[in-house]
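Chemist: Shown below is the structure under consideration.
Please treat every number below as a calculation from the coordinates, not as lab data. What you see is a predicted model; the values in this text were computed from it and never measured. All Cβ positions, glycine included, derive from the backbone under ideal geometry; neighbour counts span all protein chains shown.
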Amino acid sequence: MNWKFWQSSGRKSKTREWFDAILFAVVAATIIRTFFFEAFTIPTPSMERTLMVGDFLFVSKMHYGARTPMTPLSFPFVHQELPLIGGKSYSEAWKLPYFRFPGFSDVKRNDIVVFNYPMEDDRPIDKQTHYIKRCVGLPGDTIKIIDRTVYLNSQMNLKPKGSQYAYGVKTQGYGVRAETWKDMGVNDIQQIGMDEYQAMLTQENVKEITKIQGVAGVTPFIQQKGLYENYIFPFNPHLPWNLDNFGPLYIPKAGATIQLTPDNMSIYRRAISVYEKNDLQERDGKIFINGKETTTYTFKMNYYFMMGDNRHNSADSRFWGFVPEDHIVGKAVFIWMSWDTNGTFLSKIRWSRLFNIIHWNNN
């Protein structure tokens, strides 16, 4: 019998060899990117000074457990839009439920976490924009911010070394030289008068600048308690919260049951209806979940409260609330490159930041 119809000649054409090599590389890289590590770039200053615009990071998917793709039909190595031609890089014709493999650890307080921005309801969860913030509050915590200081379960949370806030800097008519700001690493600064500035400063910066000749004073900008800002979560005038005075706010934990009230519905409505996919109706002062009247709710998922270290220049959980566990992508572990677009020639590379391990540091 002649079996040659299925036998290979034993030799591949150069085109076939290249095709096989490229296919193998794409499959291997996709597996690594999905289940082990993924590279990210810092595009905004919300985490300064801990992370700088232009930092290139590796994010571990293994620490919290790799999340399997929810939208598997997508173009390789592209997150939301196709290169060059534009349009969606994925198809929603086939969707998979949320599943996460076991990880090395749970999300820990003060970890720097990459997650999908939870307010993009027009995209699948795994195709929502990537954000990176510090996890300040864990499931089951009660968070409160008093005059910029974060308290968790009534205990003060230590501030990261690189955290910075808005300050007013008043001089005696001399101003502050641009080189002085640069030497202190101050990037976000506005001159608002002949002798006055608004700048984002660390505590170390505040100590340094008060020693500069001609500086008359450094004043923190703090939004006062009771000042209602309508852009701050949960957008409820009966809860007059702002950036610097916020809460108390209970962060939902899987299995925890809460009493539902007219005021806390503004806090938990989105978690119940959008994140946990329940039919939520509020009629005549009564609450109906999946057609049944109730005064309580038991959460199915864990939730987290995220904040940027640049506390007065960060769109974070103070603006949009909780991050559900199914939105967690991974843990930022180290910086492999840092690029300063304002530098020149070799000074564009921030050499001191290369291969820095990202870890919690409050010293």
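Chemist: When a/c reaches 1.5 or more, the comparison of a/b and b/c decides; with that in mind, is the stretch 257-298 rounded, prolate or oblate per its Cα gyration tensor?
Modeler: It comes out rounded by the Cα gyration axes.
Chemist: Let me ask another. So who's got an amide H within less than 5 Å of the one on G54, skipping anything under 5 residues away but keeping other chains? H placed 1.01 Å off N, in plane.
Modeler: I42
Chemist: Starting at the first residue of the stretch 230-245, write each ³J(HN,Hα) from the Karplus equation 6.51 cos²θ - 1.76 cosθ + 1.60 with θ = phi - 60°, in whole Hz, x for Gly and Pro.
Modeler: Couplings: 6, 9, 9, 4, x, 6, 10, x, 6, 10, x, 9, 8, 4, 9, 9 Hz.
Chemist: As a quick test, which of the pairs K159/K348; K61/K108; K161/K331; K253/K277; K127/K161; K159/K300 have an alpha carbon distance above 24 angstrom in this structure?
Modeler: K159/K348; K127/K161; K159/K300
Chemist: Moving on. With each run of n ≥ 4 DSSP H residues scored as -39500 (n - 2.57), what mean residue ellipticity at 222 nm is computed for the chain after dividing by its residue count and rounding to the nearest 500 deg cm²/dmol?
Modeler: Mean residue ellipticity, 222 nm, calculated: -3500 deg cm²/dmol.
Chemist: Using the Karplus curve 6.51 cos²θ - 1.76 cosθ + 1.60 with θ = phi - 60°, what ³J(HN,Hα) values do you get for each residue of the stretch 133-144, in whole Hz, with x for Gly and Pro?
Modeler: Using θ = phi - 60°, the values come out as 8, 8, 6, 8, x, 9, x, x, 6, 10, 9, 9 Hz.
Chemist: If amide H atoms are built 1.01 Å from N in the plane of the peptide, which residues on other chains or at least 5 residues away come under 5 Å of the amide H of V150?
Modeler: Those qualifying (amide H under 5 Å, at least 5 residues apart or on another chain) are N157.
Chemist: Of (i) 1.07; (ii) 0.97; (iii) 1.20, which is the value of Cα Rg over 2.2 N^0.38 Å derived from the coordinates here?
Modeler: (iii)
Chemist: Report, in debye and to the nearest 20, how large the dipole of the stretch 240-363 comes out about its Cα centre when Lys and Arg carry +1 and Asp and Glu carry -1 on their Cβ.
Modeler: With Lys and Arg at +1 and Asp and Glu at -1, about 300 debye.
Chemist: Sticking with this one: Do any trypsin sites (Lys or Arg not before Pro) in the stretch 55-109 lie in a loop, going by DSSP, with at most 13 other beta-carbon atoms within 10 Å of their beta carbon, and if so which?
Modeler: Filter output for the stretch 55-109: K108.
Chemist: Net charge near P118: determine it from the other residues with C-beta under 13 Å of the C-beta of P118, scoring Lys and Arg +1 and Asp and Glu -1.
Modeler: Result for the neighbourhood of P118: -4.
Chemist: Beta carbons within 10 angstrom, averaged per residue: use that to sort the peptides 209-217, 142-150, highest first.
Modeler: 142-150, 209-217
Chemist: How many angstrom lie between the C-alpha centres of the stretch 258-307 and the stretch 124-194?
Modeler: Taking the Cα centre of each part, the stretch 258-307 and the stretch 124-194 sit 32 Å apart.
Chemist: Okay, next question. For the stretch 1-107, rounded, prolate or oblate, judged on the Cα gyration tensor with a ≥ b ≥ c (square roots of eigenvalues), a/c < 1.5 rounded, else prolate if a/b > b/c?
Modeler: prolate
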